[in-house]
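Please treat every number below as a calculation from the coordinates, not as lab data. Just so it is clear, the model here is predicted, and its values are computed rather than measured. Note that each Cβ is placed from the backbone with ideal geometry, even for glycine, and that neighbours are counted across all protein chains shown.
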Amino acid sequence: MIHGSAVVTGASAGIGTAYARRLAQRGHHVVLVARREERLRALADELGLGAEVLVADLARPEGVAIVAERLARPDVGLLVNNAGISGYGPLAEADPAVLAAVLQVNAVAPTLLTRAALPGMIERGGGAIVNVASLLAFSGSLPPGPLPHRATYAGTKAHVVVFSRVLAGELQGTGVRVQVCCPGRTATEFHAVQGADPLHVVPGDLAQEPAEMSAEDVVTASLVALDRGEVVCIPGLDDPTALERLTAVEAELRRGSRRELAQRYRG
Ligand SMILES: NC(=O)c1ccc[n+]([C@@H]2O[C@H](COP(=O)([O-])OP(=O)(O)OC[C@H]3O[C@@H](n4cnc5c(N)ncnc54)[C@H](OP(=O)(O)O)[C@@H]3O)[C@@H](O)[C@H]2O)c1
């Protein structure tokens with residue numbers, strides 16, 4: 001069981017709001033992070049118990065610094081790096097500023113916020129980091145359809161998966177847990193076209209696909225997995241041996257690669 005304050009990024013909507021509600025029910029003091037202050041304040045009012053609001057834009061270094069400062073305080077027991085944006089679109093046409101924001105919000109911010117939270121957790125001998133990635137982290141072998149134009153997004157989520165798995169090994173024996181949660185398509189506003197904000201715009205065919213899992217179910221899976229100490233949580237996956245096979249294939253790739261040039265690359 002994790003104790004202490006829970007800092008949840010992207011708490012103003014979707015999966016983040018669901019984490020915040022559930023963690024407050026579990027008795028955590030929650031710190032709600034996002035850009036839309038009114039939404040955070042409404043959620044804080046609903047949760048009561050002195051829920052804290054921290055307005056920060058994680059696409060900007062100043063925003064990351066505000067949250068990092070809060071994470072360094074000794075009451076923090078749990079960090080949920082949930083904020084994320086899609087930036088879907090053909091890479092050759094994408095606005096470089098949008099791509100930079102996707103990398104910053106989805107990969108740089110969770111990495112730096114984890115860095116900010118860890119020293120205190122290690123010193124106190126306990127705590128947990130939950131990073132929300134996506135099933136698309138495992139989509140490298142998928143053909144372009146039905147989810148085209150996701151290279152940058154999927155790349156950031158693959159970073160979160162490998163970062164979390166490697167870090168979990170690094171933290172063994174410290175009492176600090178790491179989990180990466182990889183939801184499939186979830187019923188939130190993530191896929192909706194939101195006004196003129198290019199970071200939220202996705203192709204129409206994607207926006208019309210049926211939603212699959214509720215944000216509440218994603219959070220249920222994540223918290224059960226956290227209590228069990230599972231590092232990789234895939235909320236809709238019934239057969240966890242697929243993860244064991246993934247680990248086995250990774251080991252095979254590493255073991256199979258020798259120091260000499262492979263025969264198949266020799267003239
Ligand atoms: N929905 C899905 O199908 C799905 C599937 C797999 C993984 N995921 C992942 O799950 C996580 C949550 O997604 P969701 O579906 O709940 O999306 P959502 O409903 O669109 O919520 C995204 C949250 O991220 C926050 N956010 C976005 N940009 C931010 C920024 N620059 N600074 C601070 N906060 C920012 C938003 O708050 P503000 O706009 O108020 O800042 C909002 O609270 C994301 O990491 C996403 O990649 C979603």
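Descriptive notes on the structure:
- Potential extension, Ala100-Thr247 segment - 0.36 nm per residue separation minus Cα distance: 49.8 nm
- D_trans [Stokes-Einstein, Kirkwood Rh over alpha-carbon pairs] for segment 5-239, 10 °C, 1.306 mPa s, µm² s⁻¹: 89 µm²/s
- Cβ-based exposure ranking for Ile129, Ile66, in which fewest neighbours within 10 Å come first: Ile66, Ile129
- Based on Cα contacts under 8 Å between residues 6+ apart, segment 5-239 shows a relative contact order of 20 percent.
- Computing FRET efficiency as 1/(1 + (r/R0)^6) for Arg35 and Arg115, where r is the C-beta to C-beta distance and R0 is 30 Å, gives about 0.90.
- Dividing the summed helix terms, -39500 (n - 2.57) for each DSSP H run of n ≥ 4, by the number of residues in the chain produces a 222 nm estimate of -13000 deg cm²/dmol to the nearest 500.
- Extension gain, Glu170 back to Ile122 (0.36 nm per residue minus Cα-Cα distance, nm): 16.1 nm
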